[in-house]
Amino acid sequence: MNLLDQFCVEGAPKLDAGQLDMLLPEVPGWAIEDGQLRRKFAFRDFHETIRFVNSLAEMIDQENHHPTLTVTYQHCAVAYHTHSAGGAVSLNDFICAAKANAIYAQRAGA
């Protein structure tokens, strides 16, 4: 399944444990913690962190699927869950996680 080619849909259902286990390898660095899909991204300095956050914000708005972001000097923690799925993890969360990984990889190469 190529998550990068997919788009978030309104009303995405909750994924079951088997689906979560199947999809986690598709988004390296992410984990299910406290019922959310989470990852912490590391950067050299605050400016690099903010550049990532700005790039991430563009994708987030395009997908209309907004995570919780925690931004510090050299880190950006991202936590996804889906309100329409009762606050559980849905395919939308994995789609955005894959796209966030791609943005991070592109910024690292910049």
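This ranking places HIS75, HIS65, HIS47 by how few other beta-carbon atoms lie within 10 Å of each, fewest first, which gives HIS47, HIS75, HIS65. Extension gain for ASP21-ALA108 works out to 28.6 nm (0.36 nm per residue, less the C-alpha to C-alpha distance).
Computed over the range 19-110, the P(r) curve from all C-alpha pair distances, binned at 5 Å from the origin, holds 3, 14, 27, 26, 18, 9, 3, 0 percent per bin.
Could you work out how far helix 91-109 tilts from the main Cα principal axis of the chain, as a 0 to 90 degree angle to the nearest 10? Here the helix axis deviates by roughly 20 degrees.
Work out the length of the dipole vector of the chain about its Cα centre, built from +1 on the beta-carbon of each Lys and Arg and -1 on the beta-carbon of each Asp and Glu, and round it to the nearest 20 debye.
That gives a dipole near 340 debye.
List ILE95, ILE50 from most exposed to least, where exposure is judged by having the fewest other Cβ atoms within 10 Å. Please list the in-between numbers first.
On the way: ILE95 26, ILE50 13.
Lowest count first: ILE50, ILE95.
Karplus-derived 3J(HN,Hα) values for the range 12-25, using 6.51 cos²θ - 1.76 cosθ + 1.60 with θ = phi - 60°, are 4, x, 4, 8, 8, 4, x, 5, 4, 4, 6, 8, 3, x Hz; glycine and proline are entered as x. For the chain, take the longest principal axis of its alpha carbons; what is the angle in degrees between that and the long axis of helix 46-63, to the nearest 10 within 0 to 90? Compared with the principal axis, the helix lies near 30 degrees.
When the helices of the chain are scored as -39500 (n - 2.57) per DSSP H run of n ≥ 4 and the total is divided over every residue, the value at 222 nm lands at -13000 deg cm²/dmol.
FYI, it's all coordinate maths here, none of it is from the lab. This is a predicted model, so every value here is computed, not measured. When we count neighbours, we look across all protein chains shown, and the Cβ atoms used for this are built from the backbone with ideal geometry, even at glycine.
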